[in-house]
1. So the label point goes 7 Å from the Cα of His67 along Cα→C-beta, right? Which residues of segment 187-209 then have their backbone N under 18 Å from it?
2. Per the Cauchy relation, a quarter of the hull surface: what is the mean projected area of the convex hull of the alpha carbons in the chain, in nm²?
3. Based on Cβ point charges of +1 for Lys and Arg and -1 for Asp and Glu, what charge dipole magnitude is obtained for segment 31-74 about its Cα centre, in debye rounded to the nearest 20?
4. Between segment 201-245 and segment 79-103, what is the separation of their alpha carbon centroids in Å?
5. Rounded to the nearest 0.05, what FRET efficiency do Arg124 and Arg227 give with R0 = 51 Å and r taken as the Cβ-Cβ distance? Could you check?
6. Given labels modelled 7 Å from the Cα in the Cβ direction, how far is it in nm from Leu191 to Thr218?
7. List, largest first, the extents of the alpha carbons of segment 158-252 along their principal axes, each in whole Å.
8. Using modelled amide H (1.01 Å from N, peptide plane; none on Pro or chain starts), what sits under 5 Å from the amide H of Val68, excluding residues fewer than 5 places away?
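What follows is calculated from the coordinates using simple rules that are stated; it is not laboratory data. As the structure is a computational prediction, the values presented were derived from the model and not from experiment. Virtual Cβ from ideal backbone geometry, glycine too; neighbours counted across all protein chains shown.
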Amino acid sequence: MPPSDTDPGDDEGADSDAPNSNAPDPDTPDPDATDESGRTIREERSLTPMRRTIAKRLSESYRNAVHVTASREIDAEALLAAAESADDRLDVDVSLIDLVLGAVSGALEAHPAFNATYEDETHRLYAEHNVGIAVDVDAGLVAPVVRDLGSLTLAEQVAERRRLTEAVRSGDYSMADLRGATFTVTNLGVLGVDSFTPVINPPEVAILGVGRLREHATPGEDGVEFRRRITFDLSFDHRVVDGADAARFLGTLAEHTQNAAQFVPGK
């Protein structure tokens, strides 16, 4: 979620006299302090401005949107092969998520109701696929936006995603980098999570969660073979789209994922 400016009133009301060096830190309770239930308080933390913004946006999302999550597990072998092939053909290091973004753009093109926002009782569908990429930083979570994803070559997309990711992690970004998303992708698979329920970033209509790769034993021509699979979790606002719409979106996403070679130049 994008950070907010610091509230100018945060420090108002402080004693104007010189600080008392013996005064306890307000966020560090007495080591013997307990709450009304007798639990010893280890630490008390005030929310940072960014964390307050995240809390506000998540509360807004759950208060307004009708969250439903649909999940689909997909064979990822073609996706991995395409990433390896793209690595060999391009001068940039292509990751799995880069190919997933190509598949997401294809699914958004086929199902434009998800490339949208909903506010003021209006469902607005957009021509460009402006996809927010959730990035974990020390202060919380931000989602820089890869703009007009569908118009970019794979090399351009990889370069832009990396630029944005590095910018937010270094703190060298502007609010313009975080605005204007029409859909968001969040990847907890890199942290070992199999599947989860992502929270919609309002006023967007949907968000896609990407889980980790897992090996599964499947029947093959010569007996059992192990194939890697990945889970996609699509949270959507049921006020605007239905479960059947989400199922069709995931079906199209699966088709593009399993035909990921289409995103590799020269294939």
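1. Only 187-189, 193-209 fall inside the zone, counting backbone N under 18 Å.
2. 20.6 nm²
3. 340 debye
4. 19 Å
5. Approximately 0.80, to the nearest 0.05.
6. 2.9 nm
7. If we take the Cα atoms of segment 158-252, the spans are 55, 36, 20 Å.
8. Answer set, sorted by chain and number: Phe236, His238.
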